[in-house]
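The values are calculated or read from the model by the stated rules, or taken from the named source; none is laboratory data. Keep in mind the model is a prediction, meaning the values are calculated, not measured. Cβ placement follows ideal geometry from the backbone for every residue including glycine, while neighbour counts extend to all protein chains displayed.
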Amino acid sequence: MVEIYEPAAEVGPRFWRDTEGPQSVSPNERAILLEIWRDPGVTRAALAGRLNITQQSIHRILSELNGRGLVLIGPLAPTSQKGKPSPRLLLNPRYACSVGISVNSGSTDVAIMDFAGNHITSHIHTRDVEPMAEVLDKIDMEIETLLGRSNFARKDLFGSGFSISGFLVDGTRYNPPEPMAEWAEYQLGPYVSQRLGMPVWTENVANAAALCELMFGIGRDVRNFVYTSFNYGLGAGIVVDGTLLRGGFGNAGELSGMFTQEEMPRRPVLSSLIEILSRNGHVVSVADQLSDAFDMNWTGVEAWLEMITPHFNRVYNVLSATVDPEVIVLGGEIPSVLAAELVRRTKSYQEPRHGILRKMPRLEQARIRGGASSAIGAATLPLKEGFF
């Protein structure tokens, strides 16, 4: 049996709500903090209309959160109605920070995020097959660099979110693509936690990128979307009613599962594009390098599009029929111009019934581009688990 790893149990006493244990906030405090995260500058009066909490309790809770340093009570907001103006509320960015890590074949991204969601990121190029210990050494050094740039110290870290390509096996163990086979040998939560000296929440890169879009991108406008992550492989993060859907085994969104073994070489993944480009003299070693100098006129691009478009059509129509999202987002490492062309070529399977067509999701490019989106999304994991 896999030993259960609980990162919350490793959170430092500085962040405890009281001396009884590592709980950071109460349910009502969490509800109030989430509203302030979603709507920075929301007034105290407005909270009473949104939450099932009495005005008296809201005043008391905000006073306590302010006293603990989580919330800043700002200037009064003018009102068009009778009564006193209500103060605006903000999360205190200096209360805490979190780390976000995204590990892919040949590249790693690291982000530092403050308590208000502001973030800085960095990118680490790694060899296609690089020992896990060396990658973690680079990550540890990069965390120190980013902490210095953001004027945070180790004591300010609430925890880390760690995302990796691949499907969940059990616990915090993932099965990544072949170049990263060594990572499949470990329960990553406790292993990375011990190596970096902080609590670690784990996720796959597609779900982490979907969290990034939920918190900072298209999720600001819609509550139901699917983030398709074009990387070495193809995965998705599914958001239903504003909540990331993980499924019974933690692998909702493993899109490659809808293809037969014969179809796998033709599924819409960037590894096959890299192979085709290499055969035609355009050497790109890893997916994150594609956007640096990508040209739609390169020999091999059109052949790749013709090969994968029918299979992406299946992805689009299956997601529409099963998840019914408002938007399907094209994200990951796919170059913007290539994503735009794939959107143009994507077709719906449906035919009118009684002259009526079912509503289909629109296709959009990710608003937060590149591999950094998974690191940013991973950085939200500790904060969401602890406070929001």
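Observations on the model:
- Test: residue in the range 49-58 that is touching a residue at least 40 places away in the same chain (Cβ under 8 Å) and either crowded, with 16+ Cβ neighbours inside 10 Å or in contact with a His (Cβ under 8 Å, 6 or more places away or on another chain) (or both): no
- In the range 193-206, the residue that is farthest from the chain's Cα centre (by Cα) out of those that are buried (at least 23 other Cβ atoms within 10 Å of the Cβ) and either of a type in the set (A, V, I, L, M) or in the same structural domain as GLY250 (by TED's automatic domain parsing) (or both) is VAL200.
- Just one residue in the set MET198, MET180, MET258 is within 21 Å of GLY100 (Cα to Cα) and touching a Lys or Arg at 6+ places or on another chain (Cβ under 9 Å); that residue is MET198.
- Here THR228 fulfils each of the conditions (1) in contact with a helix residue (DSSP H, G or I) (Cβ under 9 Å, 6 or more places away or on another chain); (2) surrounded by fewer than 23 Cβ atoms within 10 Å (Cβ to Cβ); (3) touching a residue at least 12 places away in the same chain (Cβ under 8 Å) apart from (2).
- The residue that is surrounded by the most Cβ atoms within 10 Å (Cβ to Cβ), among those in the range 156-191 that are among the acidic types (Asp, Glu) and more than 23 Å from SER373 (Cα to Cα), is GLU182.
- For the range 30-39, a tally of residues being crowded, with 20+ Cβ neighbours inside 10 Å and within 11 Å of LEU51 (Cα to Cα) returns 1.
- Residue tally, condition assigned to a loop (DSSP other than H, G, I, E, B), buried (at least 18 other Cβ atoms within 10 Å of the Cβ) and free of Cβ contacts under 8 Å to residues at least 40 places away in the same chain, over the range 255-281: 1
- Selection of the range 311-336 for residues being in contact (Cβ under 8 Å) with a residue 40 or more places away in the chain and farther than 29 Å from ALA375 by Cβ yields ARG314, SER320, ASP324.
- Test: ASN313 is surrounded by 14 or more Cβ atoms within 10 Å (Cβ to Cβ), out of contact with any Asp or Glu (no Cβ under 8 Å at 6 or more places or on another chain) and farther than 20 Å from VAL240 by Cα: yes
- Unmet criterion (only one of (1) part of a loop (DSSP other than H, G, I, E, B); (2) in contact with a Leu (Cβ under 8 Å, 6 or more places away or on another chain); (3) touching a residue at least 12 places away in the same chain (Cβ under 8 Å)) for VAL284: (3)
- Residue-level analysis places GLU275 outside the set of residues that are of a type in the set (D, E, K, R), modelled with pLDDT of 95 or more and farther than 30 Å from GLU385 by Cα.
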